[in-house]
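Just so it is clear, none of the values below were taken in a lab; they were calculated from the coordinates. Only a predicted model underlies this, so the values are computations on that prediction, with no experimental measurement involved. Using ideal geometry, Cβ is built from the backbone for each residue, glycine included, and neighbour counts are taken over all protein chains shown.
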């Protein structure tokens, strides 16, 4: 009963079907019919024109998106615990050619206009200090917190005022939409680009970089090749994205994972470090308690000395979630 | 009847089987059992210890390998028509942080010690000129020419003398081994790293970077993550590599493609621009002649104004190759 | 009566004399006799062999030094208020090709082994997090605090244990030596490289990068040219460095500046934000009080809302320092 | 009697005077009165508005200018023997973050629209090949050949058509203007940026980057700091530029050097490798002949096995040039 992460979960049957169906001759790279159909498909989903590039990892998606907004001498504002700061092996420094991350604070790893201003306002507008060129927010955040549409709007407004780009890291974007129960477009707001994750949500190896600004996509296209991310059998990535969008697999999967997380959360409300809004549950518990859980066959990561993180996935079995809920309640 | 390229060919059944078999829970990234078994599997193949990292494209494989040998202020010697120079969208400049490619000449897009010396010797050993740190050769070359073991040995000896790393771009390495009919280790010689391609040869999305020097691999590991190439469901890449090595699928596939190319070549010996040693056939023919072939349903690329390139693949049907051979003979 | 900064102070007469004396034919770049004599001159000063490169700015000196210790995928540990983090326009990101700065805390902008460990120990030793490769300390610190030899030794010991390089930003190194009244070698300890500043201390345009490891210097030589910092009339930079070392001009100048700072400090002991150890005085005072001082003709920078920074220089006139001291005392 | 290079020549008395005059308090970096006056001074010289940044080397000037026109995934077209390709230690790769140099051919190291088209037209407009974003020409060229205004206009027209930036490396720009005997604006044509060299022409350590497009300058300002080229006592660089422009010192110096070169050229017309238009004379001569000249006390560089290069400077004595002319004539 693994609650380690959704990032290595099984591949959804619909994705397997689509992969097999794509195993026929077509043009290499992104010249195939599946890749060609992505813009329309995602434009329909978001209710406004967008340009979509596939990429093999969320790290590549994030960095390719940001690199279109931030010059090498610039900076991105992000949360101090953002994935791009903590867990991407310095990829932003590589893709952005040494541009800087400006770290802001915020409860639940979410940014607010106030937090962004607090980070940005002390920066003197001179050449001695690195100037911000974009903001990156994570939806849902590293702690599974979801930005409400008005919160995104407030950040987008600040970005507009300051002339900053706005990027959304949506490695688990589906879980945010499922939680908000809103149109996908409302969960992304006026962001210029979205890293729309599918791998954690049942895909095998394809994420979507969704650009709401055509010019950014034109740059990203060159950068993707230059970064070695233009796979020659790209049809297999595009096909995964189509399979996920078809019949709302992405949304059903996310709903399933969220529901499992809620079941666990309900069992330990007083132990929760963060309200559970997506598919991650951060639970205060002692080392001894963790031993007890592990002895019962539950797999999960320690979160510092006094907590544990449980992540549900699209294929978490109901019985397993229920068992974990019971086990935590019995601690 | 497509002879455009092998880079978008279908995926081999054995690869499909392996992918399905890998769809069970395991650790993310390269922590899974398939990834863990790669070093042994390839060490056995090459008859000496090596460390293997998977990557999703040949461009990434080449650049990650080279980045371990060449500092940002250095240079790589390669053929002026090498893939890294011509067709990787500037990826070496990105991955090597601005290091330079020193271009050398050579028949059939192959380098020789003489050609390398001619390129390198005029470089003054001072800080005003960029100094070479590695040599990159392509096996088989961009024109489908294969380095013989003694040719590699001569280049490796030069590399050793000058203190240069030696990288082999083996996007179609299997075709070279099939042609040479030798042990894989003999086809790679004393190279420090090999980009061993499987995608063109029946894989879906996995290449192997084979390091014969553990220290280089240790650096590449960080660089791979930093480049966004550490896929979270890496087991699906590792499984592809195992499937290809298992029962010599890689070699059978390459032999098949080579044989098809030979059949075509025999039909047009006087038209050949290059001896056919792998799975590419470069044929002198007029625009009118190309029209005739295309009217018969053959797909291929023009090669400049007066030639065409035909590429066979692991799944080229014998009947198609024979038909093309006849068609060319009838021109 | 300017106390804004020492960074635009006049050029010392000995430097002028040396510049004029160097205006005779010699080899370009660093091939001249003055440049050639630097290694010996500084080795003598530090009592151990070193290799010295001149550079036109402290930013270049710092970054060229760090780039020899830190690969693009690595990081440097520095104080969160270090010059390389706050005031070099992102130069470390440029020179280190996207490597990261790991920020540590510490009173008076000084690092301690504990602070370094607190910053470094939480970093997981895996490819997802950027690993430290060097420590950079500033002597004296941004707040004019001086590392004692035993403090440097403790940091150097930690660096050695962890396999990290140790760089010292000595933009005002002379002021530290003057304060410590020790051998220069004791003020630099076991650092691998020192950015030894002369420009703030009476030079015109030359800093010294002192490498205590020959191999690092060999790399820096290439990097300096590549960064456009190898001036063709380099003899004019080398000559400045010789002039400063000759007859201990550098030390006399630093002593003079320190003494002036002490005079000011004595007048406002209760207002001091930091003990005054070099030539910077941070004084708590209200906006009104700053107006009073400015009305008397004193130039200085505000330091946040409630303080002011006064910097003395090699040529601060005793009468001016005394006047400022009186003015502050009278507030 | 040194004819090695002008790059280490003495500093002109007017420059010394200006340096001394600038040794009074002013704002650091480029906040001083001398720096502030540069835009007007150069705008007047060129007869159109321009923004001017000083830099300490021609390499920095070239690369800072190019970095404003070329994204990291792009390329610069230049002559295959251009200084940026041959002699800047890979600085363009550093400053342009891995962008590429596309090498074109051309007599006398000069480019023509035809040569540029020959280099650029074969580049497929797809992401697999690096796309040109700027052209860089050298005025006068590496072989001392001068672009006529109509030649520049033709290249500028091509640049405009293709949407490419145009940069001029004018390390010896004064010599070109002196030769053309035209308005400086006519010698630079419609270039977007000019690296205007003064160091070889009697300066000590200051070149000017002249931007005819304000937006490019705004970017370059950040990049200059980031590259460690924003010297804190920048007034000493600005003052040099003013001194050179004042009373046309730059033009007189260039005329003097050109005249000396002409005197030498007249003595060996049949031996000339290139028409002499600036201050460099390339002379065919045997190793024995070079020995003869060196035995008479002439210093110069070999130019391959069968030639020598003689460079005159602003301070080449007439008697020395005459002596060299006689010596060559007597060979």
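Among A:310, C:300, a tally of other beta-carbon atoms within 10 Å of each Cβ gives an order, fewest to most, of C:300, A:310. For chain B, set up a GNM with springs between Cα atoms under 10 Å and report which of B:62, B:175, B:253 has the largest fluctuation. Taking springs between Cα atoms under 10 Å, the residue moving most is B:253.
Between region B:269-331 and region A:42-57, how far is it from one alpha carbon centroid to the other, in angstrom? What the calculation gives is 39 Å, centre to centre.
A helix-only calculation puts chain A at -12000 deg cm²/dmol for mean residue ellipticity at 222 nm, using -39500 (n - 2.57) for each DSSP H run of at least four residues, averaged over all residues.
For the rotation that carries chain D onto chain C, the axis lies closest to a Cβ at D:56, 2, where the number is the distance in whole Å.
For region C:251-329, the square roots of the Cα gyration tensor eigenvalues, ordered a ≥ b ≥ c, give a/c of at least 1.5 with a/b greater than b/c, which places it in the prolate category. Between D:287, D:191, D:159, the residue with the greatest mean-square fluctuation in the GNM of chain D (Cα pairs under 10 Å linked by springs) is D:287. In terms of other Cβ atoms within 10 Å, C:77, A:127, B:70 run from fewest to most in the order A:127, B:70, C:77. Sorted from nearest, the other copies put their residue C:37 label points 3.6, 7.0, 7.9 nm away, the label point being 7 Å from Cα in the direction of Cβ. Picking from D:166, D:293, D:216, which is most flexible by a Gaussian network model of chain D using Cα springs under 10 Å? Most flexible of the set in this elastic network: D:293. Within 10 Å of the Cβ of each residue in C:195-201, the mean number of Cβ atoms contributed by other protein chains is 1. Residues of region B:220-256 falling in the label zone of residue B:36, defined by backbone nitrogen less than 16 Å from a point 7 Å along Cα to beta-carbon, are B:234-236, B:238-239.
Relative to one another, the C-alpha centroids of region B:205-240 and region A:213-245 are positioned 20 Å apart.
Counting only DSSP beta bridges with both residues in region D:13-248, the antiparallel share comes to about 35 percent. Taking every alpha-carbon pair under 8 Å whose residues sit at least 6 apart, region C:196-331 reaches a relative contact order of 24 percent. Each copy carries a label point for residue D:126 at 7 Å from Cα along the beta-carbon vector; from one copy to the others these points are 3.9, 4.4, 5.1 nm apart, nearest first. Each label was represented as a point 7 Å from its Cα along the Cα-to-Cβ direction; for residue C:20 and residue B:107 these points are 6.9 nm apart.
For region C:13-248, the relative contact order comes to 30 percent (Cα pairs under 8 Å, sequence separation of at least 6).
Take every Cα pair under 8 Å whose residues are at least 6 apart in sequence, average their separation, divide by the length of region A:253-329, and the relative contact order is 42 percent. Legend: mean number of C-beta atoms from other chains within 10 angstrom of residue C-beta atoms, peptide A:215-225, equals 4. Among the residues of B:17-29, the average count of other protein chain beta-carbon atoms within 10 Å of the residue beta-carbon is 4. Spin-label pair residue C:48-residue B:246: with each label point 7 Å from Cα along the Cα-Cβ axis, the two points sit 5.8 nm from one another. Classify chain B: rounded, prolate or oblate, from the alpha-carbon gyration tensor (a ≥ b ≥ c, eigenvalue square roots; a/c under 1.5 rounded; otherwise prolate if a/b is larger than b/c)? Oblate is the answer for chain B, as a/c is 1.5 or above yet b/c matches or exceeds a/b.
Classify the protein assembly as shown as rounded, prolate or oblate, taking a ≥ b ≥ c as the square roots of the eigenvalues of its Cα gyration tensor: rounded when a/c is under 1.5, otherwise prolate if a/b is larger than b/c and oblate if not. Oblate, because a/c is 1.5 or more while a/b does not exceed b/c. Here is how far apart the residue A:288 label points are across copies: 6.1, 9.4, 10.0 nm, shortest first, using a point 7 Å from Cα toward Cβ. A full extension of the chain between residue C:322 and residue C:272 corresponds to an added length of 16.3 nm, given 0.36 nm per residue minus the alpha carbon distance. Put in order of Cβ neighbour count within 10 Å, fewest first, the listed residues A:155, D:123 become D:123, A:155.
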